[in-house]
Amino acid sequence: MGKFKELLAEKGKLRHFIRGFESLAKWVVISVTLGSVIGTIAAGFLYAIGFVTEFRLSHSFMVLFLPLGGCLIVFLYQVFKKSDDTGTSQVLQSIREGNKIKIYLAPLILISTVITHAFGGSVGREGAALQFGGSIGNFLGEKLRVSKDTVKIITMAGMAGAFASLFGTPLGAAIFAIEVSMIGIMHYSALVPCILTAYFSHYITILWGMQKVHVPHPVTVVPSMYSHNAYFAILLGVVSAMAGICFILVMKYTHKLYHKFFKNAYVRVIAGGVLVAFLASLLHTQDYIGLGENVIRSAFEEPAVWYAFLLKMIFTALTLEAGFKGGEIVPTLFIGATLGSMIASLINMPIGLCAACGMIGMFVAVTNTPIASLVLALEMFGHEGIPYFAVVIAVSYLISGYFSLYNAQQITFSKYTLSDHIRKNKE
């Protein structure tokens, strides 16, 4: 009898072994198809963002027309009856609950993000990445008439592909997609499709000539952490978490103030556009509008001014909460880089290392994705600073509590104890 049970168990394992090959074949086909579409769209989107950004930088008066661009965005969303659009949170909710995402969200968010960048709104591009990637993945899953769980996985794969194509960090994008929707859980069943789609999408974007394979900000000067420097790593983690919480609260209360004083969406976006344009003109700089990648690069080479991270918080909140479209992650990286760069001179640490720690510490504080953050650190900064990155990520993740940029992000397991299961969601 024992031998018979053992034989049945072995046959069961063999069936799962064969099922693994069948699943792999299915995901290769889906990933190649999804990656081809997303990589091509991402290449066009990157070209459009680059074109309008270059034009705006050489024609600084463009920011004066930001209110007009905002009105166009509001009009587009009202035409498609998406006035209550919740952005990335809608995609995360779809992954968790299986809700359908309308395919027209993809062109809508892409066009609106390009408009925002053309006139100088302080936004990133990952909001568009996660939304258009998720909507295309969701659409493909629905068309294939597969199970709801499989549609969720394809939606995650779409997010991973778009994130990878726009940021050039395929592995981090894949891990982010399977980690971001629920704090404390990683959807390992989505690992293969997310990784395959991320790398294939990134490759397609490279073939179109709109992305490169490189370490964006290599960090090579790294002192030993087995000394008093360990305390500085902890300090950077704490400061990053506090800055992340501050950024989220600034966004939250800016949203409340806008909706309190400007009930009409057109009036609200005009008011936001006027405020951003006025502040940019007052400061006589374009450093705090658009992506601000030039400021991020310089933060790795020389100390940033002490108020740079504060101004970026204000410009981003005024832009996004008024109704303009884009993402919060590039502004988050800007804030982290300038904050870390400024702190470097105070604690006598390498500026590049501190800027990188600030970026990755801020990222985990606002997204609650520690594993993705560590992988992104590897892809963005190289492996030399990993001991510092790991400590900063762990500390920032703990100190930031349950704050998040994404309202639909679900807290499944506590950050503080093994036994506290989804208690936060019930409160």
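Table for the structure above
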read-out	value
Residue selected from the range 385-396 under the condition buried (at least 19 other Cβ atoms within 10 Å of the Cβ) and touching a residue at least 40 places away in the same chain (Cβ under 8 Å), by the criterion farthest from F363 (Cα to Cα)	G385
Qualifying residue in the range 383-392 (condition: assigned by TED's automatic domain parsing to the domain that holds A365 and in contact with a Cys (Cβ under 6 Å, 6 or more places away or on another chain))	yes
From the options I178, I185, I204, residue that is without any contact (Cβ under 8 Å) to a residue 60 or more places away in the chain and either assigned to a helix (DSSP H, G or I) or not assigned by TED's automatic domain parsing to the domain that holds N407 (or both)	I178
From the options P303, P331, residue that is in the same structural domain as G237 (by TED's automatic domain parsing) and not in a helix (DSSP H, G or I)	P303
Selection from the range 178-221 of residues that are among the β-branched types (V, I, T) and touching a Leu at 6+ places or on another chain (Cβ under 6 Å)	T197, V219
Residue within the range 338-348 that is surrounded by fewer than 24 Cβ atoms within 10 Å (Cβ to Cβ) and under 19 Å from the mean Cα position of the chain (by Cα) present	no
Test: residue in the range 105-120 that is surrounded by fewer than 22 Cβ atoms within 10 Å (Cβ to Cβ), farther than 29 Å from T285 by Cβ, outside the structural domain of I329 (by TED's automatic domain parsing) and without any contact (Cβ under 8 Å) to a residue 40 or more places away in the chain	yes
Some residue of the range 256-271 being in contact (Cβ under 8 Å) with a residue 24 or more places away in the chain, touching a Lys or Arg at 6+ places or on another chain (Cβ under 7 Å) and within 24 Å of A164 (Cα to Cα)	no
Single condition I351 does not satisfy, out of (1) touching a Pro at 6+ places or on another chain (Cβ under 8 Å); (2) in contact (Cβ under 8 Å) with a residue 60 or more places away in the chain	(2)
Any chance I371 is within 21 Å of E126 (Cα to Cα) and either assigned by TED's automatic domain parsing to the domain that holds A265 or not hydrophobic (A, V, I, L, M, F, W, C) (or both)	yes
Residue under evaluation G273, criteria (1) modelled with pLDDT under 95; (2) buried (at least 19 other Cβ atoms within 10 Å of the Cβ); (3) in contact with a Pro (Cβ under 7 Å, 6 or more places away or on another chain), criterion not met	(1)
Looking only at the range 353-384, and only at residues there that are among the small types (G, A, S) and modelled with pLDDT of 95 or more, the one that is surrounded by the fewest Cβ atoms within 10 Å (Cβ to Cβ)	A372
Candidate set: the range 117-167, residues that are closer than 24 Å to Y288 by Cβ and in a loop (DSSP other than H, G, I, E, B); chosen: the one nearest to the chain's Cα centre (by Cα)	R125
Failed condition for F61, given (1) surrounded by 13 or more Cβ atoms within 10 Å (Cβ to Cβ); (2) in a helix (DSSP H, G or I)	(1)
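The values are calculated or read from the model by the stated rules, or taken from the named source; none is laboratory data. Keep in mind that what you see is a predicted model, and the values were worked out from it rather than measured. Backbone-built Cβ (ideal geometry, glycine too); neighbour counts: all protein chains shown.
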